[in-house]
Amino acid sequence: MSIFADEKNVLQLKWEHQFQSAGYYAAKKQGYYQEYGLDVELIAQDLNHLVKASTQVVERKAHYGVGPSTLLSDISEGKPLMLLATIFEHSPLVLICNKKSDIRTAKDLENKKIMMAEDEDNSLLLSKMLKIEGIQ
């Protein structure tokens, strides 16, 4: 799929409309894309039907996508994707424990069951965090 300045460019965002995407919206509102002849459509994540931005790009439903570091896994699996820029953010993921559980640090989770959402990206990020903490 090639993109030219006079064609619509679809950008699949990682989240629904919120602060992390403010720069994209500001650039559109202030005419920066149009200044370069780009017609940019910003697509927010549909929380009722979660689809990875990389999947939207591979399936040609979007030209570009904003995604987490799990994008590197997609690339290493041979998916036809290209990384344009790397911007590191702190993950918004949190672990919540009952105060009575005596869990105060990630190390306290060792040998405990953890319930995670079915969201593949967040599960991978949480698993990575636990691995960094030395928890299998």
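Does V10 count as within 17 Å of the chain's Cα centre (by Cα), among the β-branched types (V, I, T) and at pLDDT below 90?
Details: within 17 Å of the chain's Cα centre (by Cα): yes; among the β-branched types (V, I, T): yes; at pLDDT below 90: no.
Considered against the rule, which asks whether it is within 17 Å of the chain's Cα centre (by Cα), among the β-branched types (V, I, T) and at pLDDT below 90, V10 comes out as no.
Total residues in the stretch 52-95 satisfying the condition of being buried (at least 16 other Cβ atoms within 10 Å of the Cβ), more than 16 Å from V10 (Cβ to Cβ) and either modelled with pLDDT of 85 or more or not aliphatic (A, V, I, L, M) (or both): the figure is 3. Sort out which residues of the stretch 56-88 are without any contact (Cβ under 8 Å) to a residue 24 or more places away in the chain and either in a helix (DSSP H, G or I) or of a type in the set (D, E) (or both), and write them in order of number. Within the stretch 56-88, V58, E59, L71, L72, D74, I75, S76, E77 meet the criteria.
If I filter the stretch 23-44 down to residues being in a helix (DSSP H, G or I) and small (G, A, S), which single residue comes out as modelled with the lowest pLDDT? Show your work before the answer.
So in the stretch 23-44, the residues in a helix (DSSP H, G or I) come out as 23-29, 32-35.
Those still in the list that are small (G, A, S) too: 23, 26-27.
Details: G23: 89, A26: 94, A27: 93.
Per the stated criteria, the residue is G23.
Taking residues in the stretch 25-51 that are within 11 Å of N9 (Cα to Cα), and partners anywhere that are among the β-branched types (V, I, T) and modelled with pLDDT under 90, the pairs with Cβ atoms closer than 9 Å and at least 6 places apart or on different chains are L38/I3. Could we say that L47 is part of a loop (DSSP other than H, G, I, E, B) and outside the structural domain of N122 (by TED's automatic domain parsing) here? Spelling it out, L47 is indeed part of a loop (DSSP other than H, G, I, E, B) and outside the structural domain of N122 (by TED's automatic domain parsing).
The values are calculated or read from the model by the stated rules, or taken from the named source; none is laboratory data. This structure is a prediction, so every number in the text was calculated from the model and none was measured. Cβ atoms come from the backbone with ideal geometry, glycine included; neighbour counts cover every protein chain shown.
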